[in-house]
Structures are given as structure tokens and as C-alpha cells.
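Q: Dropping the structure in here first, questions after.
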Amino acid sequence: MPSILQVALDTPLYRLFDYRLPDELGEVAPGRLVEVPFGRTRQTGVALGPAAGSSIDSARLRDVIRVLDDRPALPADLLRLARFCADYYHYPLGAILLATLPPRLRNATPFVADTPWLVVTDAGQVAEPPARAKAQRALLDALRAAARSREELRAGKQVRHATALVEAGWAVWSRLPPQTGRLPQTAAPHAATAEQQQALARLLPALAEFGVHLIHGVTGSGKTELYLRLIDDVLARGRQALVLIPEIALTPQLEQHFRRRFPGRHITSLHSGLAEVARAENWLAAFDCDILLGTRLSVFAPMPRLGLIVVDEEHDASFKQQDSLRYSARDVAIARGKQANVPVALGSATPSLESYAQALSGRYQLIELKTRAVSAARLPDIELVDLKHIPLDNGLTRPALTALTETLARGEQSLVFLNRRGYAPALYCPSCAWVSPCPSCSARLVFHRHARRLKCHHCGLETRIPTECPNCGNPDLKPLGQGTQRLEETLTALLPGARIRRIDRDTMRPRAWAELGEAVHGGAVDILVGTQMLAKGHDFPNMTLALILDTDGALYSPDFRATERLFAQLMQVSGRAGRADKPGRVVIQTAFPDHALFRYLQRHDYPGYARELLAERKQLDLPPYTRQVLLRAEARTMDAALAFLHRAAALAPDTPEVSVFGATPAPMARVANLERAQLLIQSTNRLALQACVRDWRPQLDSIKPRVARWSLDVDPLVF
Ligand code: ADP
Ligand code: ZN
Ligand code: ZN
């Protein structure tokens, strides 16, 4: 009887694979990576353990090729977390496990972790090398002040002495960069405000075990400071902290902030913007780092001494992955916290209604910070400019322009928020009403003036700007509506002295944030123009005006989450104004000044609006009072997509607590030449819904004719 190993592979199949384990490979612990033959290729898989027997004839079982022992095994808690995800998101376990690994470690070619730093050990700190070993002594002294890189040592011909120190146990080669010595002097932490103290009095005793704590703090209330103090406590007990943040772009500045606050601690970061080797190294560093800062994928990082998970800006949509495994990192963080018996702190000035409802019901602990931490900083005044009575000129009203001029005259900074990048949302022919359609999508091509291109923001198509209307030949095409590029141009013309900078996905690369932050802090910028990227990030003490243009689309959108999102966005953007001792001012242009959203916004009343929205959701049976799963299908024709879904609906298990709605075309019905349709199923009973989908999913594979693509989205955010 040969021993059989169960292996998870990255395939779309919902099953594990059996391989014969040659004796010479010995035992293989669960979580170890192995290389196995698969069809005519080889694949990296995750060993899950011995199988008692196999349904496959032992003569046909293939052999495990080798164990990849140049890299650590996936720890047991991550295997357990992946099993939870497989079950909750109805996704293949193997695909999940392999997706949690950085790409470089999925690749079977040997990985040599680079250890470029020579660092002194505890023994080295107190060691007394013999007096005659002068060079060794000198090097050890130098190391006590700061780590040295292999390169420096090589250049100084000190490698031999380094090796001697390592052999004596006084120094080690380390993967982690040195974190002492060269950093700017740590600013002493502020004394906690009264509210922060109260919050700590509740949070610190709760750190010993699982619990979800929703920190609802107005912008500038010092949530970051609170996280830092919690982390301090966790590190002091020898545990690790995982901090999830929404944007890649924000990692470097937050990392700096953490490094200053925790000199000498091992801090590492993880996000998809890292180069392949760096990502693999940082993932490996997670095993023994103190703090890991990262975007949603970090929720799967190996942290054996995990003691706290923080999810900053927990309402942010980027925590939800929108393809393949459509997981919510916030929800997975909570599952991980529960499995590991570790507390989870969610923080936001505008919590998601999902989290807020849990807090109101008492399942999460609600911690509130109602005032700004800097004592002189008040929340800004919010004024509405009624577009029904005040005319627009190039997207701007007179009162908005006056506010900008006044702020400029005082030598203070403004930001202008417009959530549409590009020059204009479309190009328009006044003679035949052609409006630059994307040939592959139900969307308009956006006019990008600087790039001299029309671009589709959905399928990525780019074309040259036509010199005449493709429909009627009219050479006089006009931009339709305002994008951030055009706004920047308008402002430059109207305020010739002002120094204007634009921020949106077209201008911002991760590194550019730090540079921009310095430019704004240093007073080199008067007006920042941008999309929702403006809502995030640093606070600028001299920023006193936030001008918000054109938000009305969201007020009457068919998406039931549109007002929640808009409210959050406006609160966050408003929160950028008046952070320090100067009062802030927010001016919003809208044709619907009587909308309830503005009433709550003007009072900075998140709880009030949240309660109103929650009451509405409850009445309409919408999340968070019901759980949803969306089945999406994409096909060459809408008929084919809908036919697939009709068939799927007919196959859905007949469960009294679960409602299956009719198949409908998606709101964006066509993207990249595929027609998209969707089918919603929901229930107030999460377990019933999950059980129903568990039975349903395998049947979907058998539907004929097949469609180009289908997928299940559990707790969908975007429809
Ligand atoms: P939030 O994340 O809640 O928006 P931050 O943590 O960024 O707020 O804090 C806002 C500002 O208040 C920062 O400039 C921070 O240095 C300052 N701050 C935080 N806590 C205190 C405190 N206890 N005393 C004085 N200033 C504080
Ligand atoms: Zn035309
Ligand atoms: Zn397109």
C-alpha cells in the first residue's frame, strides 16, 4: 500500500488531487508546497495530508515530484482560513490556497531568500571579542550602532570578519532592512485626548480575545493614534499586528509614520504594487515581523503570533475583490480573528451600514470619537449652492469661484472634488448628436485631451480623436460635460496666479503621493483638483476649503448603495477641510439641496443618516437585513446570457427561506463585447442561503449551452 498525499491545485475544479508519495520524500506536513505532474505539465500544489485511500486505481496514481523545501509551509491557521473562504464564497480550495501565495513562491524554481543585512544579535550586544581580533571588534562595534549591508561589507573587504562574527553567534544575516539609527527622531506620542482615553479604557482590556470593535471617529479624531496605542500594547506582549488599508498609494506614507513611531520594530508591507521578488520577501518577512501593513491581500499573510487585526477605512470598496475570488478582506479579517481568537478593530469616519448595523445591535462593540483631536480644529461649515437658481459656467458657479478666490487671497489651500477623470465624459457632435460610443461596451468613450485619445474606462479601448464626426462628417466636435482635466484647465484660465495640481488615476503613481504630500505641506500648491482619491490620505493643516461639484447622479441612482457611498464620500472630502486651527468651509453645488442627505451632512450627523438609511433598507428587505448572492453570466448575446440564468433559476433548490429573483441584464449590459446578465438570490437567513448555494453551484456546471463565463458573487457590492 503506497502512501497517498492529498494535494490542492490551482484549478477551477472543486476537488483535491491524490498523488503517490515516494518513500524517499519522507513525510510531508500539511501546508508544504509540492511539485506534481498535472496533465502534460507540472504544477505547484499545497499538500493537505495523507489520504486513507484513493478512488483512483493505485497503478494509475502519479508520483509527487518533489517537496519545495526552499520555502516554508503554509501554516495551519491559513489552511483553515482558506477552507472557510472556500465554503463561504463557494470557490475551489486549491485556487484560493495558491492565490494567497505571492506569485514568485507559486513558481517552483528555487527561491533563495536574499539576506542582505548583517545585524547584531543579543549575544553580540554584550560580547567581548579577543583584543587581538581588532577588525572583528571594530565591525561588532559598528554593528551595535547600525546594521551593515553585504555590499558595504564587500566594498570594505570585511566579509571575512562578518563570517567570523556570524560563526561566533554575535551577528546574523537578515532579510529585514535595518530599522534603527538612521530614522528621524521619533516624535513623542501626543497625550491621549479624553475621548481617546475612554476608547482605550474599553479597548485595551478587550485585546486578549476575539471581538469586533467598530471605531467610529469623525475625520481628524485621531483614529490612527488609537491604532498605534493598541499596537503598542500588542507588541509589548510579543504578538504581531496586521493593519489593512485600502490603497496601495497610501502604504509608503503610513509605513513611514509607523517606522517613526516604532523604531527598531520589524515593519513590513504587502500590496500588489511590489515587484515580484520584493513581494515574496515581504511575505516571508511576515512570519516574524512585528507589524504588517498592507492592502486586502495581506489578510492571508502568514503571521504565527498574530495578536490584533486593524481594518482602517473599513467602509472602503477596495477591500472587496471584484474578480476571481470575490472576497471582502474586512469580512475575511473578522473570520480570521474569530478562528485565531484575536481582536479585530474596524475604523472609519463613515462605517459601512453592514458594520454599523452590527454595532447598533450590540454584536460589535461601538467606540465613538466625536471631536477632532487637535483641540482648535472644528468640523467645517457646509454650504449648498442651488443649481436650480444659480447658473453654471464651465461647471462652476459664481459663489464657488468666489470661495476659491477668497481662500487664495488668504494664502490658504483648497481642494476641488469632481469624480470624473479625463477631460470630458464624452465627445459630442452638435449636428447629429453622436456621443462617442465605445464599440465594445454600453458606455461612452472618455475624451482625454493631454493623451489625445478617446478611452473606454471599462474595457480599456483607446483610439485617436476623430477629426470629424464618424456619423455625419461634421468637423466641429465638442467635449460634453466636465472631467478633472477640463476643470483644471478652466481653473487655470480663471485664476491665473494659482498653483493648481490634479490628482486622479491618470496622474498618480504610488510614489507620487509622497511627493504631492510634501508639495502641499510645503505650500507649493494652492488648489488640488481631483477625483475620490482626494478623499483619502494625509491631512493638510492649511487646507480650508473643499469645493464639491456635480454629485447629483448618485442621489437618484438605481443602485441602492449609491446614497450611502455618496454620503461617505462627501463626509470624507469635507473632512479634508479645516484640520488644524483654521476653520474649514465646504461648498457643494447641487440641483437637489432639499435632499435628506444634505441635511445630515450639514450637521455632520453620520449616525442620523445611517439610521435613516438602515430603516429604509429594512423596509425594502435590502442588506444588511438580508444576505445576497449574485450569479453573473457573460455571453456573446444577451439572449444566451439570460437563457443560462433562466435555466439556473429553474435548478435552484426550492428553499422556503430563500428568494430567487428574475434574471436581468446587468446595469452595464455590455463590456468588451460580452453581454452581461445577472440573477439575484437572497435570504434573511445567512445559513439557509449558504446551504442553498452549496447545493446549487455544482448543478450550474452542467447547464447547456454554456456561456463564456459565469461566477458567483457572495455579498456583492457592485451590481
Ligand atoms: P483620523 O485618522 O481619525 O482622521 P488622525 O489619526 O489622522 O485622525 O489624527 C488627526 C490629527 O490629529 C493628526 O494630525 C494627529 O497627529 C492629531 N492627533 C491625534 N491624536 C492626538 C492627540 N491625542 N493630541 C493631539 N493631536 C492628536
Ligand atoms: Zn455628427
Ligand atoms: Zn469599452
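All of the numbers you see were taken from the coordinates with simple rules; none came from a lab. On a predicted model such as this, the values are computed, not experimentally measured, just so you know. A quick note on method: Cβ atoms are made from the backbone with ideal geometry, for glycine too, and the neighbour counts reach across all protein chains shown.
Q: Three principal axis extents, largest first, for the C-alpha atoms of segment 145-298, in Å?
A: In descending order, the Cα extents are 56, 31, 30 Å.
Q: Nearest 500 deg cm²/dmol is fine: what mean residue ellipticity at 222 nm does the chain get from its DSSP H runs of n ≥ 4 alone, each adding -39,500 (n - 2.57), divided by its residue count?
A: Working: 22 runs with 227 residues, N = 719.
Result for the chain, helices only: -9500 deg cm²/dmol.
Q: Right, next: Counting DSSP beta bridges in the chain, what percent are antiparallel, to the nearest 5?
A: Numbers: 58 of 109 bridges.
For the chain, the DSSP antiparallel bridge percentage is about 55.
Q: In what sequence, highest mean first, do 579-586, 267-274 appear when ranked by Cβ atoms within 10 angstrom? Numbers along the way, then the final one.
A: Details: 579-586: 19.1, 267-274: 21.2.
In descending order of packing, they fall as 267-274, 579-586.
Q: A further question on this structure: By average Cβ neighbour count within 10 Å, what is the ranking of 552-562, 364-374 from highest down?
A: On the way: 552-562: 13.8, 364-374: 18.9.
Result, highest mean Cβ count within 10 Å first: 364-374, 552-562.
Q: Here is a further query. If the viscosity is 0.692 mPa s and the temperature 37 °C, what Stokes-Einstein diffusion coefficient in µm²/s follows for segment 429-562 when Rh is the Kirkwood radius over Cα pairs? Provide the component values of the computation, followed by the final result.
A: On the way: Rh = 17.4 Å.
For these conditions, the coefficient is 188 µm²/s.
Q: Could I ask something else about it? What are the lysines whose alpha-carbon lies under 30 Å from the alpha-carbon of K455, with same-chain residues fewer than 8 places away excluded?
A: Here the lysines satisfying the reach criterion relative to K455 are K320, K478, K536.
Q: Restricting things to alpha carbons, find the Rg to Rh ratio for the chain using the Kirkwood radius for Rh.
A: That ratio equals 0.99.
Q: Under 5 Å between amide H atoms, partner at least 5 residues away or on a different chain: which partners does S174 have, H built in plane at 1.01 Å?
A: Hits under the 5 Å cutoff: W117, L118, V119.
Q: Most exposed first by the Cβ proxy, i.e. fewest other Cβ within 10 Å, how do Y227, Y625 rank? Please list the in-between numbers first.
A: On the way: Y227 20, Y625 15.
Taking fewest neighbouring Cβ atoms as first place, the list is Y625, Y227.
Q: Taking segment 1-97, which trypsin sites (Lys or Arg not before Pro) meet the DSSP loop condition and have no more than 12 other C-beta atoms within 10 Å?
A: Working: sites: R15, R20, R32, R40, R42, R60, R62, R66, R80, R83; in loops: R15, R32, R40, R62.
Loop-located and lightly packed - R15, R40.
Q: What is the antiparallel percent of DSSP beta bridges lying wholly in segment 194-369, to the nearest 5? Please list the in-between numbers first.
A: Working: 1 of 28 bridges.
Antiparallel: roughly 5 percent of the beta bridges in segment 194-369.
Q: Separate question: What's the center-to-center distance, using Cα atoms, between segment 107-163 and segment 581-618 in Å?
A: 59 Å
Q: May I ask you to list the aspartates and glutamates whose Cα is less than 16 Å away from that of K582, ignoring any residue fewer than eight positions away on the same chain?
A: In chain and number order, the partners are D381, E406, E412, D526, D539.
Q: Give me the percent relative contact order of the chain, please, defined on Cα pairs under 8 angstrom at least 6 residues apart.
A: Numbers: 1389 pairs, mean separation 75.2, N = 719.
Reported relative contact order: 10 percent.
Q: How would K704, K338, K455 line up from fewest to most surrounding beta-carbon atoms within 10 angstrom?
A: Numbers: K704 6, K338 14, K455 19.
Exposure proxy ranking, most exposed first: K704, K338, K455.
Q: Right, next: Taking every alpha carbon pair in segment 194-369, what does the distance histogram look like in 5 angstrom bins from 0, in percent?
A: 1, 9, 18, 23, 23, 16, 7, 2, 0, 0
Q: At 7 Å along the Cα-to-beta-carbon direction for both R505 and S440, put a label point, then send me their distance in nm to one decimal.
A: Each label point is offset 7 Å from its Cα along the Cβ direction, giving 1.5 nm.
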